[in-house]
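Okay, so here's the structure we're looking at.
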Amino acid sequence: MTEEPTPVLNSPAETDGVAAEEFKKNLIGRMDRSHEAHTQLNRAVVESREHAQERFEKFKQEFIARFSEMTGLSFDANGRCTTPGKVKMEGEVKERWLELCTELGASQNPDETLQLWQEAGRLLLGATATPDPLTHDETSTDVTGN
């Protein structure tokens, strides 16, 4: 058996030279990234309740705006639908709504999900009935607003 030292795991076979310098830079880089990740985690954990609430409210407003844009429906600041009229879920509308819900739950593709939400908005707008101000009867409204 030879008396040559065998390298330890994660250490270079050479103690001087290019390989040792590369190893040292790599090790220091990994330690720095690990330290930064722990620092960010600690900041997130000690985030003030007020800051977390502000961040949540901003996210909520952006989500409601985006969802309103996707579906064509209008919503208040709390996320309640403010599009006038009542949706009549009957027959084909109800069946397609259930199909859309199933497809949305199974969708993994963001583009497909966006298209499904847009179709859901059109479906709801098309199934919306608004009261006629003269007769107080509910009449269907066109998706295009005509």
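The values are calculated or read from the model by the stated rules, or taken from the named source; none is laboratory data. Being a predicted model, the structure only gives us computed values, none of them experimental. Note: ideal-geometry Cβ built from the backbone for every residue, glycine included; neighbour counts use all protein chains shown.
Suppose the filter is at pLDDT below 85 and in a helix (DSSP H, G or I); does M70 pass it? Spell out how you get there, then give the answer.
Numbers: at pLDDT below 85: yes; in a helix (DSSP H, G or I): yes.
It is true that M70 is at pLDDT below 85 and in a helix (DSSP H, G or I).
For segment 82-122, a residue qualifies if it is surrounded by 16 or more Cβ atoms within 10 Å (Cβ to Cβ) and modelled with pLDDT under 85, and the qualifying residues are T83, G85, V87.
For E47, the test of being at pLDDT 85 or above and not β-branched (V, I, T) is failed.
Which one is surrounded by the fewest Cβ atoms within 10 Å (Cβ to Cβ), of the residues in segment 1-33 that are hydrophobic (A, V, I, L, M, F, W, C) and modelled with pLDDT under 60? Before you say what the answer is, go through the steps one by one.
Here is the first cut: in segment 1-33, the residues hydrophobic (A, V, I, L, M, F, W, C) are 1, 8-9, 13, 18-20, 23, 27-28, 31.
From what is left, the residues that are modelled with pLDDT under 60 are 1, 13.
Working: M1: 3, A13: 13.
Only one residue tops the list, namely M1.
Can you tell me which residues in segment 48-67 are surrounded by 11 or more Cβ atoms within 10 Å (Cβ to Cβ) and not in a helix (DSSP H, G or I)? Scanning segment 48-67 gives no hits.
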